[in-house]
Amino acid sequence: MSRLTDLIANAKAKDSQLGADLEREFRALSSRLSFGLNFERHKPEAVELPQRPVRRGDKVRVLPPRGSTTKGDRRLWQVKKIVKGGGKKRAELECLDTPAEQSTAQIDDLVVVAEFRDTIYPGLAATGKVSRGGDKPWHTVINGENYHVLKALTWTHRGKVDVIYIDPPYNTRDKDWKYNNDYVNADDLYRHSKWLAMMERRLVLAKELLNPADSVLIVTIDEKEYLRLGLLLEQMFPEARIQMVTSVINHSGVARDKEFYRADEYLFFVFFGDAAVTPIGEDMLNSPESMEGKRIDIWNRLLRRGTDAQREDSEKQFYPFWVDPKRKCIHSVGDYIPLGVSPNTVQPPAPNLVACWPIRSNESEGRWQISAATARKGLKEGTVRLGAYSRKRKRWSISYLRNAEKERIDRGEIEIVGKDENGVLILKQSDTVARIKNPVSVWNQRSHNAGAGGSNVIRALLPGRKFPFPKSVYAVEDALRFFVKENPEALVLDFFSGSGTTAHSVMRLNKQDGGRRQCICVTNNEVSADEQKALREQGLRPGDPDWEQWGICDYITKPRVQAAITGKTANGDPIRGDYKFTDEFPMAEGLLENAEFFTLTYETPVAVNYQTAFNRIASLLWLRAGSVGRRIDKLPKTGWEVVDSYGLLVELDRATDFLKAARKAKKLGIAYIVTDDERRFQAIARRLPEGVEAIRLYESYLKNFAFANGDDA
Ligand SMILES: C[S@@+](CC[C@H](N)C(=O)[O-])C[C@H]1O[C@@H](n2cnc3c(N)ncnc32)[C@H](O)[C@@H]1O
């Protein structure tokens with residue numbers, strides 16, 4: 001590079017402007033990674049907001065005339081003035097792409113545009129709900145541009161999501177996805193670059209939502225982008241463990257001219273923190289018969305993962321195992337020590353012993369799954385044993401047999417062969433009964449076929465309606481089960497949710513074990529490229545009700561989730577057919593769950609400021625409190641209100657009444673306190689019941705819900 005630097009210096013001497021320009025380009029190039037994935041990040045994305053009224057100052061595009069199928073003027077304009085004349089409103093415009101160019105246009109021929117670098121003020125307008133789940137948390141389906149929805153979720157769900165499952169556009173065919181509001185052609189030289197830029201922007205936000213201590217990102221993909229996606233994930237998440245699973249989704253294969261027919265696709269699993277696969281009984285590859293007589297490991301880790309896994313969540317489950325490192329066995333189990341007492345103050349019962357405390361991989365204090373008394377009992381009967389020693393972490397792990405395995409022993413499914421020299425049970429799986437197997441990285445499950453488990457399920461739920469390439473509901477269910485099986489309260493997010501398969505899977509998982517897992521589904525209301533052309537020819541435009549009704553979210557996602565819960569098709573008829581998986585039951589039974597539907601809105605600063613948009617912001621407060629129970633939809637006249645999971649105090653003079661109600665509420669999680677005065681906020685926060693999180697909202701709502709752009713978008 002020094003040769004280039006010399007040349008630039010020479011150029012600068014001859015022509016300072018040219019030299020400066022060259023230097024800037026050179027710096028941009030040299031700042032990029034020399035190895036790995038290089039792609040163009042400088043294509044700004046923008047979203048058109050056809051339902052947003054045009055106001056002065058807005059960024060807009062001028063639409064092609066109704067009936068036209070051309071792209072029209074793609075330039076951005078700013079509305080300088082709105083004038084009335086002849087009963088119609090016209091806008092005076094200044095071009096942002098070609099400075100100094102001015103124009104005028106009918107307001108009806110303009111569409112507001114939000115560029116990703118703009119500050120937005122998101123809100124959520126409720127558009128319907130279905131409830132059969134009693135006091136269970138609500139699943140949410142959000143119609144919107146996922147980049148902006150993810151931004152809004154950074155306020156409601158930062159670090160709270162357990163699993164993200166996404167099935168993004170695969171970039172396989174001509175016009176099968178949109179970049180910057182425009183379908184990408186197969187011959188676009190930048191199609192891979194655009195795809196990567198689109199994915200990267202969203203994954204940066206997704207990372208902020210995942211629980212860093214224990215969560216998983218699952219991304220499905222096929223052979224067109226899997227290499228680039230793998231590298232992108234490696235580059236973006238160096239701290240995570242990444243695995244790729246190959247999954248058969250079409251046993252006869254999709255035709256590939258002169259190539260192997262394609263039968264599979266891929267799932268990238270990105271493991272953060274302590275995230276680990278929980279065996280579910282199947283290895284996902286071999287048929288149960290072929291596994292007869294094989295040995296399996298049914299010992300589980302004693303260190304608790306997932307929710308409530310901190311020392312303070314269960315003080316009594318923080319105690320030491322005293323390990324004899326020479327003999328590689330557990331000598332004894334110590335007593336728990338109260339919160340606040342450091343483990344370093346505890347002396348070993350004998351000098352040769354070392355302590356093994358429940359310390360998590362992020363070095364925070366965790367807890368064991370069972371009490372010290374149960375552990376002692378287990379040690380005696382041989383159902384608690386010493387696991388491996390981690391050189392990196394410099395500590396031992398402990399494993400144990402859960403009650404489920406003990407029951408299998410009692411039932412004779414697992415045979416006790418004897419005890420080892422440390423008194424630990426040696427087990428053998430009975431030859432005649434099914435055994436738990438460790439899942440492998442190649443999956444071959446008939447139930448994962450996209451036709452039977454995807455399209456056919458949608459056909460049953462929404463007769464006559466089609467969605468291209470839904471996932472098999474059972475395939476999504478399996479992928480999730482490995483991570484949520486032992487977390488009945490897990491929060492799952494899918495921000496490319498298409499027909500809503502992920503929400504359907506989460507609801508089915510809940511039915512299987514009585515869980516209260518929750519799913520947030522985000523999708524836009526796109527119509528396919530072909531449909532779009534036909535609608536334009538009819539003189540329709542995005543934003544027209546006759547156009548929007550055909551969009552994915554309104555036509556498929558919401559009615560599908562509704563049908564899955566009610567057991568009735570969109571026409572109100574009982575759904576015909578049965579679920580055919582680990583559980584078989586008529587789809588017409590429905591699922592005992594709650595779901596609410598929202599559309600992302602872009603509030604104007606004025607509306608947010610003067611609280612007129614409160615009912616749309618209200619949904620964000622409710623979401624942050626866990627989307628459970630009632631919602632405060634209007635600013636309370638009394639100056640405060642407390643509902644099931646949260647409270648809102650607007651007039652601080654009413655703090656005493658508010659606190660009284662807060663103390664009475666049994667499941668209160670959050671108290672929102674509206675004030676600019678930090679001192680008064682702290683004073684009220686201190687008087688809240690233990691465990692209630694106090695969140696300050698500025699009096700100017702604008703400040704709380706302004707999402708500026710921090711990246712290159
Ligand atoms: C491959 S499909 C997902 C299918 C889904 N797994 C299923 O089983 O139905 C991807 C979906 O993401 C949606 N989508 C694409 N780009 C989006 C964006 N920027 N914001 C929101 N949704 C988007 C598309 O409308 C499409 O429905």
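The values are calculated or read from the model by the stated rules, or taken from the named source; none is laboratory data. The structure displayed is predicted, hence computed values, not measured ones. Here the Cβ is made from the backbone with ideal geometry for all residues, glycine too, and neighbour counts use every protein chain on show. Ligands, DNA and RNA are stripped out before the accessible areas are found, and what is left, the full protein with its side chains, is counted by its heavy atoms. Shrake-Rupley method; radii C 1.70, N 1.55, O 1.52, S 1.80 Å.
In the range 339-366, which residues are surrounded by 16 or more Cβ atoms within 10 Å (Cβ to Cβ) and part of a helix (DSSP H, G or I)?
Result: Pro343, single match.
Given Asn185, Asn211, which one is farther than 24 Å from Ala475 by Cα and touching an Asp or Glu at 6+ places or on another chain (Cβ under 7 Å)?
Asn185
Considering only the range 501-510, I want to know if a residue exists there that is in the same structural domain as Ala152 (by TED's automatic domain parsing), away from the ligand (no atom under 16 Å from the Cβ) and crowded, with 18+ Cβ neighbours inside 10 Å.
At the first step, the residues of the range 501-510 found to be in the same structural domain as Ala152 (by TED's automatic domain parsing) are 501-510.
Narrowing further to those that are away from the ligand (no atom under 16 Å from the Cβ): 510.
Checking the rest, the ones that are also crowded, with 18+ Cβ neighbours inside 10 Å come to 510.
Looking for residues that are in the same structural domain as Ala152 (by TED's automatic domain parsing), away from the ligand (no atom under 16 Å from the Cβ) and crowded, with 18+ Cβ neighbours inside 10 Å, one finds at least one in the range 501-510, hence yes.
Looking only at the range 433-460, count how many residues are open to solvent by 20 Å² or more (accessible area, probe 1.4 Å) and in a loop (DSSP other than H, G, I, E, B).
So the answer is 9.
Being out of contact with any helix residue (DSSP H, G or I) (no Cβ under 8 Å at 6 or more places or on another chain) and open to solvent by 60 Å² or more (accessible area, probe 1.4 Å) is the filter here; which residues of the range 515-537 pass it? I'd like the intermediate steps shown before the answer.
Step one: filter the range 515-537 for residues out of contact with any helix residue (DSSP H, G or I) (no Cβ under 8 Å at 6 or more places or on another chain), giving 528-534, 536-537.
Scanning the range 515-537 gives Asp530, Glu531, Lys533, Glu537.
Is at least one residue of the range 262-277 open to solvent by 20 Å² or more (accessible area, probe 1.4 Å), within 21 Å of His448 (Cα to Cα) and touching a Pro at 6+ places or on another chain (Cβ under 9 Å)?
yes
Which of (1) charged (D, E, K, R); (2) at pLDDT 90 or above; (3) within 30 Å of Phe318 (Cα to Cα) does Arg459 not meet, given it meets every other one?
(3)
Is there a residue in the range 92-100 that is open to solvent by less than 40 Å² (accessible area, probe 1.4 Å) and in contact with a strand residue (DSSP E or B) (Cβ under 7 Å, 6 or more places away or on another chain)?
Yes, the range 92-100 has at least one match.
Name the one entry in Pro463, Pro470 that is open to solvent by less than 10 Å² (accessible area, probe 1.4 Å) and part of a loop (DSSP other than H, G, I, E, B).
Selected residue: Pro470, the only one of Pro463, Pro470 that is open to solvent by less than 10 Å² (accessible area, probe 1.4 Å) and part of a loop (DSSP other than H, G, I, E, B).
For the range 174-199, name all the residues that are assigned to a helix (DSSP H, G or I), within 13 Å of the ligand (Cβ to nearest atom) and either farther than 23 Å from Ile249 by Cβ or open to solvent by 40 Å² or more (accessible area, probe 1.4 Å) (or both).
First, the residues of the range 174-199 that are assigned to a helix (DSSP H, G or I): 191-199.
After this cut, where a residue has to be within 13 Å of the ligand (Cβ to nearest atom) as well, the list is 194-195, 197-199.
Those that are assigned to a helix (DSSP H, G or I), within 13 Å of the ligand (Cβ to nearest atom) and either farther than 23 Å from Ile249 by Cβ or open to solvent by 40 Å² or more (accessible area, probe 1.4 Å) (or both): Lys194, Ala197, Met198.
Give the range 367-395 a look and list any residue that's farther than 14 Å from Trp299 by Cβ, in contact with a strand residue (DSSP E or B) (Cβ under 6 Å, 6 or more places away or on another chain), at pLDDT 90 or above and outside any helix (DSSP H, G or I), or say none.
Once the filter is applied, which keeps residues that are farther than 14 Å from Trp299 by Cβ, in contact with a strand residue (DSSP E or B) (Cβ under 6 Å, 6 or more places away or on another chain), at pLDDT 90 or above and outside any helix (DSSP H, G or I), the range 367-395 yields nothing.
Give the residue, chosen from Ala564, Ala595, Ala570, Ala588, that is of a type in the set (Gly, Ala, Ser) and in a strand (DSSP E or B).
Ala595
Of the numbered conditions (1) closer than 30 Å to Asp118 by Cβ; (2) at pLDDT 95 or above; (3) touching a Gly at 6+ places or on another chain (Cβ under 9 Å), Leu623 fails exactly one; give the number of that condition.
Here Leu623 meets the rest and fails (3).
Give the residue that is nearest to the ligand (Cβ to nearest atom), with candidates limited to residues of the range 545-572 that are open to solvent by 30 Å² or more (accessible area, probe 1.4 Å) and touching a residue at least 24 places away in the same chain (Cβ under 8 Å).
Here the residue is Ile552.
Residues checked against (1) open to solvent by 20 Å² or more (accessible area, probe 1.4 Å); (2) among the aromatic types (Phe, Trp, Tyr); (3) in a helix (DSSP H, G or I):
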residue	(1), (2), (3)
Leu623	no, no, yes
Ile632	no, no, no
Gly647	no, no, no
Phe658	no, yes, yes
Ala662	no, no, yes
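Condition check ((1) open to solvent by less than 40 Å² (accessible area, probe 1.4 Å); (2) touching a residue at least 40 places away in the same chain (Cβ under 8 Å); (3) of a type in the set (Gly, Ala, Ser)) across all residues:
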| site | (1), (2), (3) |
| --- | --- |
| Glu25 | no, no, no |
| Ala28 | no, no, yes |
| Asp58 | yes, yes, no |
| Asp73 | no, no, no |
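Name the one entry in Thr582, Thr599, Thr604 that is farther than 28 Å from Ala625 by Cβ, of a type in the set (Val, Ile, Thr) and surrounded by fewer than 22 Cβ atoms within 10 Å (Cβ to Cβ).
Details: Thr599 fails: farther than 28 Å from Ala625 by Cβ; Thr604 fails: farther than 28 Å from Ala625 by Cβ.
Being farther than 28 Å from Ala625 by Cβ, of a type in the set (Val, Ile, Thr) and surrounded by fewer than 22 Cβ atoms within 10 Å (Cβ to Cβ) holds for just one of Thr582, Thr599, Thr604, which is Thr582.
Among the residues of the range 125-136, are any under 20 Å from Glu48 (Cβ atoms) and either assigned to a strand (DSSP E or B) or open to solvent by 10 Å² or more (accessible area, probe 1.4 Å) (or both)?
The answer is yes; a qualifying residue exists.
Looking at (1) open to solvent by less than 30 Å² (accessible area, probe 1.4 Å); (2) at pLDDT 95 or above, which is the only condition Phe614 fails?
For Phe614, the failing item is (2).
Inspect the range 103-110 for any residue being in the same structural domain as Ile166 (by TED's automatic domain parsing), out of contact with any His (no Cβ under 9 Å at 6 or more places or on another chain) and assigned to a strand (DSSP E or B) and give the result as yes or no. Before you say what the answer is, go through the steps one by one.
Pass one, the range 103-110, residues in the same structural domain as Ile166 (by TED's automatic domain parsing): none.
No, the conditions are met nowhere in the range 103-110.
Could you give me the residue pairs with C-beta distances under 7 Å whose first residue belongs to the range 471-492 and is without any contact (Cβ under 8 Å) to a residue 60 or more places away in the chain, whose second residue is away from the ligand (no atom under 16 Å from the Cβ) and of a type outside the set (D, E, K, R) wherever it lies, and which are 6+ apart or on separate chains?
Between residues of the range 471-492 that are without any contact (Cβ under 8 Å) to a residue 60 or more places away in the chain and residues that are away from the ligand (no atom under 16 Å from the Cβ) and of a type outside the set (D, E, K, R), the close pairs are Pro488/Gly515.
Counting only residues that are out of contact with any Cys (no Cβ under 8 Å at 6 or more places or on another chain) and loosely packed, with under 15 Cβ neighbours inside 10 Å, how many does the range 101-117 have?
Number satisfying all stated conditions: 4.
Within the range 157-173, restricting attention to residues that are more than 9 Å from the ligand (Cβ to nearest atom) and at pLDDT below 95, which residue is most open to solvent (accessible area, probe 1.4 Å)?
Of everything passing the filter in the range 157-173, Arg173 is most open to solvent (accessible area, probe 1.4 Å).
Of all the residues that make up the range 139-159, how many are under 21 Å from Met199 (Cβ atoms) and outside any strand (DSSP E or B)?
So the count comes out to 13.
Do we have Asn211 as within 16 Å of the ligand (Cβ to nearest atom), touching a strand residue (DSSP E or B) at 6+ places or on another chain (Cβ under 8 Å) and either on the phi > 0 side of the Ramachandran plot or open to solvent by 30 Å² or more (accessible area, probe 1.4 Å) (or both) here?
no
Might you check whether a residue that is within 16 Å of the ligand (Cβ to nearest atom), over 21 Å from Phe268 (Cβ atoms), assigned by TED's automatic domain parsing to the domain that holds Tyr579 and surrounded by 16 or more Cβ atoms within 10 Å (Cβ to Cβ) occurs anywhere in the range 487-500?
Yes, the range 487-500 has at least one match.
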